[in-house]
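Colleague: First, the structure itself, so that you have it in front of you.
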2 protein chains.
Amino acid sequence: MKKFLAVLAAFGLALSANAADKTYKLKLASTWESTTPVLGDAAKEFKRVVETLSDGRLEVRIDYPSKHKSPFGILDFVKGGQYDIGYTASYYYKGKDANTMFFTAVPFGMTATELRAWYEFGGGKQLEEKVYDKYNIKVFLAGDTGTQMGGWFKKEIKSVDDLKGLKIRIPGFGGEVMARVGATINTIPTGELYMALEMGTIDSVEWVSPAFDMGLGFHKIAKYYYTGWQEPSGQTQFFVNKKTYEKLPADLQAVIEAAANEVASMLNSRSFFDNAEYWAKMKAEYPDIEVRSFPQDVMDALRKASDEILDEEAAKDPLFKEILDSQRAFLAKAREWTKISEFSYIQKTTK
Amino acid sequence: MKKFLAVLAAFGLALSANAADKTYKLKLASTWESTTPVLGDAAKEFKRVVETLSDGRLEVRIDYPSKHKSPFGILDFVKGGQYDIGYTASYYYKGKDANTMFFTAVPFGMTATELRAWYEFGGGKQLEEKVYDKYNIKVFLAGDTGTQMGGWFKKEIKSVDDLKGLKIRIPGFGGEVMARVGATINTIPTGELYMALEMGTIDSVEWVSPAFDMGLGFHKIAKYYYTGWQEPSGQTQFFVNKKTYEKLPADLQAVIEAAANEVASMLNSRSFFDNAEYWAKMKAEYPDIEVRSFPQDVMDALRKASDEILDEEAAKDPLFKEILDSQRAFLAKAREWTKISEFSYIQKTTK
């Protein structure tokens, strides 16, 4: 298009601000720093794809938390129009609106593949619109970090009693569930977590997965790495201010959607790849790490607490109930298919 | 852009054929008919996204096999330039070039998630370029149909001996493996498969998965539905003629890539969603269907035969060996991560 404008200029023609080739400058606020593993590249990739696809008609400027100072304020930024676009995870706004949680992760809920299928073809997208319309936000999926680990524990968990009074750093819904089964939930700033775990201020820390965890070093001081139950998926999102979005011509609206999709594919694969690589590295360097899963009575107690919290919330809010029912109904079918296809394949062919 | 051209026309300006806004007409040949479950919509979605993103500067015309008559001739069509783009699966060209197989599915190989991570970040894309450069084809991933079922069997398979002489319809590499363990492989046209299974001309038929299988009715006459081993993934591809691709401006090249990506996301979710829905429907209507997995000795025999065939081919062709080694090395790491993350989550939280 720039070449074409030069041709026009040669004819002595200038373009009015309303012409189809107007350039739109979009400001993007990211929850994660540029240096965060896996997620740090997503906003950059979005900018690259948007600018290439639009041949420069869309320009994206990215602000990271070091600049905007509010990693969990992205919803308000985009709602209020301070930023046109936000890169974040829906469930960070659970305190503001419990319904946002369903689009990132639900304890004992859907895996990344199941969640995305529900979203695209099982009514999830329409339910998400019901949630975000009141914030004047249009949402695009931006990739999934996959099943999270259950966290690093200094001692083995052999029964529900071992959780009573245990000092665990686990945020969000997972933390609420752990509190209900008797654990003591701590909120300690990231920079102090290692020391807190080493000193015994906390007995356990739930973070993410090997690619994210390794840099923080928890594996050096807590040898039990528990498998996950609290975040079977980790779907991230682009929030787009509706007024900004609606004033774009149709092809540039499609560019936003396509770019989000490319980021999502990249992020899905990047998360998986990096976790596989870091897990191999971690095991090689620290062969004493032991992977454990919670015993059945612990899983049952966590599931019961999780279901109770979900049902309590559903009793208060019809939209929460509508989304919960929709996810539970699809999960029942989805898991039956998962079990006889990919799950069975892995179970029967992996030594 | 069309509005803009109208503005130009009002100024009495016409565009030369070489201007940046030239329209490119692309012919696309699809392996699958428009009516094929799941896959039949992919080419249509590609056309829709390409034309929207390019604001009409790219136009796509789709030909289905009912027109071009050669569902498995897509590689030659695109290589020769009769078609600019092909929508197909790489492994259909295994007879022409064994290396094409690695990018769709390998028995006992990677799942869809593992394969895509290897492709994007583990060197897979570069190896695919080595394979397809000689055909003047640029390849874009177009979505995965997921883990296939092992097929419909009229009798239970209790040991390797039960496979000896068993008449199975199973094409491709899976068929070669089954032949090596003693089965008799039949190639019967699709339209005759149901009758052949009913009459006992064949004892078993491997097709795809519930969304694809249900319409063919095999579940009415063969009650054992075996879990899969032969196609843990089912990655489809867009082939693009390199000369066509290289003459496009950078933003339209990016449009092709972005559209392929959107099709891939759609197809991944659509396959999963439809399989979940059809499996629920099939079980409800035919409660006698029994899901089985091959016993360990059968799995061991199939894996041994598969590895032998792969190693024989690797001994003949250094590029085959390079790709096989790369996939095996990544799979070893990838599966360890899969096991402690999503697999463990499903295993420990699903009743």
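Colleague: Restricting the search to the range A:296-341, which residues are under 22 Å from B:Thr338 (Cβ atoms) and in contact (Cβ under 8 Å) with a residue 12 or more places away in the chain?
Modeller: A:Met299, A:Leu331, A:Ala334, A:Arg335, A:Thr338
Colleague: So how many residues does the range A:71-90 have that are among the charged types (D, E, K, R) and assigned to a loop (DSSP other than H, G, I, E, B)?
Modeller: If we filter the range A:71-90 for residues that are among the charged types (D, E, K, R), which is where we start, we get A:76, A:79, A:84.
This time we only want the ones that are assigned to a loop (DSSP other than H, G, I, E, B), so: A:84.
Looking only at that region, the number is 1.
Colleague: I'd like to know if the range B:142-163 contains one or more residues that are closer than 30 Å to A:Val263 by Cβ, touching a strand residue (DSSP E or B) at 6+ places or on another chain (Cβ under 6 Å) and of a type outside the set (Asp, Glu).
Modeller: Let us first name the residues in the range B:142-163 that are closer than 30 Å to A:Val263 by Cβ, namely B:142-148.
From what is left, the residues that are touching a strand residue (DSSP E or B) at 6+ places or on another chain (Cβ under 6 Å) are B:142-144.
Cutting the leftovers down to of a type outside the set (Asp, Glu) gives us B:142-143.
Yes: the range B:142-163 contains one or more residues that are closer than 30 Å to A:Val263 by Cβ, touching a strand residue (DSSP E or B) at 6+ places or on another chain (Cβ under 6 Å) and of a type outside the set (Asp, Glu).
Colleague: For B:Pro65, work out the one condition from (1) over 16 Å from the mean Cα position of the chain (by Cα); (2) within 14 Å of chain A (Cβ to nearest Cβ) it doesn't fulfil.
Modeller: The number of the failed condition is (2).
Colleague: Kindly establish whether B:Ala332 is touching a Leu at 6+ places or on another chain (Cβ under 9 Å) and on the phi < 0 side of the Ramachandran plot. Outline the logic, then answer.
Modeller: Values: touching a Leu at 6+ places or on another chain (Cβ under 9 Å): no; on the phi < 0 side of the Ramachandran plot: yes.
Criteria not met by B:Ala332.
Colleague: Here's another thing I want to ask about it. Only one of A:Ile188, A:Ile202, A:Ile168, A:Ile137 is away from every other protein chain (no Cβ under 14 Å) and touching an Asp or Glu at 6+ places or on another chain (Cβ under 8 Å); which? So that I can check it myself, show each step before the final result.
Modeller: Numbers: A:Ile188 fails: touching an Asp or Glu at 6+ places or on another chain (Cβ under 8 Å); A:Ile202 fails: touching an Asp or Glu at 6+ places or on another chain (Cβ under 8 Å); A:Ile137 fails: touching an Asp or Glu at 6+ places or on another chain (Cβ under 8 Å).
So the residue among A:Ile188, A:Ile202, A:Ile168, A:Ile137 that is away from every other protein chain (no Cβ under 14 Å) and touching an Asp or Glu at 6+ places or on another chain (Cβ under 8 Å) is A:Ile168.
Colleague: What residue, of B:Ala332, B:Ala301, B:Ala276, B:Ala305, is of a type outside the set (Ser, Thr, Tyr) and facing another protein chain (nearest Cβ under 7 Å)?
Modeller: Details: B:Ala332 fails: facing another protein chain (nearest Cβ under 7 Å); B:Ala301 fails: facing another protein chain (nearest Cβ under 7 Å); B:Ala305 fails: facing another protein chain (nearest Cβ under 7 Å).
Only one candidate passes the filter, namely B:Ala276.
Colleague: Now for a different question. Identify the single condition in (1) within 7 Å of chain B (Cβ to nearest Cβ); (2) more than 16 Å from A:Val139 (Cα to Cα); (3) buried (at least 17 other Cβ atoms within 10 Å of the Cβ); (4) not acidic (Asp, Glu) that A:Met282 does not satisfy, given that it satisfies every other one.
Modeller: (1)
Colleague: Moving on to the next point. If you go through the range A:172-191 one residue at a time, how many are at pLDDT below 95 and open to solvent by 40 Å² or more (accessible area, probe 1.4 Å)?
Modeller: First pass over the range A:172-191, keeping only residues at pLDDT below 95: A:172, A:186-191.
From the residues that got through so far, the ones that are open to solvent by 40 Å² or more (accessible area, probe 1.4 Å) too are A:172, A:187, A:189-191.
Residues that pass the stated criteria total 5.
Colleague: Working only within the range A:307-320, note down all residues that are over 22 Å from the mean Cα position of the chain (by Cα) and assigned to a helix (DSSP H, G or I). Please lay out each step first, then the result.
Modeller: Kept after step one, since they are over 22 Å from the mean Cα position of the chain (by Cα), are these residues of the range A:307-320: A:308, A:311-312, A:314-318.
Once the filter is applied, which keeps residues that are over 22 Å from the mean Cα position of the chain (by Cα) and assigned to a helix (DSSP H, G or I), the range A:307-320 yields A:Glu308, A:Asp311, A:Glu312, A:Ala314, A:Ala315, A:Lys316, A:Pro318.
Colleague: Restricting attention to the range A:129-171, report how many residues are outside any loop (DSSP other than H, G, I, E, B) and either out of contact with any Phe, Trp or Tyr (no Cβ under 6 Å at 6 or more places or on another chain) or at pLDDT below 95 (or both). It would help to see each step written out before you state the result.
Modeller: Of the range A:129-171, the ones outside any loop (DSSP other than H, G, I, E, B) are A:129-135, A:137-144, A:151-153, A:160-163, A:167-169.
Narrowing the set further to residues that are either out of contact with any Phe, Trp or Tyr (no Cβ under 6 Å at 6 or more places or on another chain) or at pLDDT below 95 (or both) leaves A:129-135, A:141, A:143-144, A:160-163, A:167-169.
Total meeting the criteria: 17.
Colleague: Working only within the range B:68-88, note down all residues that are open to solvent by 10 Å² or more (accessible area, probe 1.4 Å) and either of a type in the set (Ser, Thr, Tyr) or within 14 Å of another protein chain (Cβ to nearest Cβ) (or both).
Modeller: Matches in the range B:68-88: B:Ser70, B:Tyr83.
The values are calculated or read from the model by the stated rules, or taken from the named source; none is laboratory data. What you are looking at is a predicted structure, and each value in this text was computed from that prediction instead of being measured. Note that each Cβ is placed from the backbone with ideal geometry, even for glycine, and that neighbours are counted across all protein chains shown. These area figures cover heavy atoms from the full protein model, side chains too; ligands, DNA and RNA do not enter into them. Shrake-Rupley method; radii C 1.70, N 1.55, O 1.52, S 1.80 Å.
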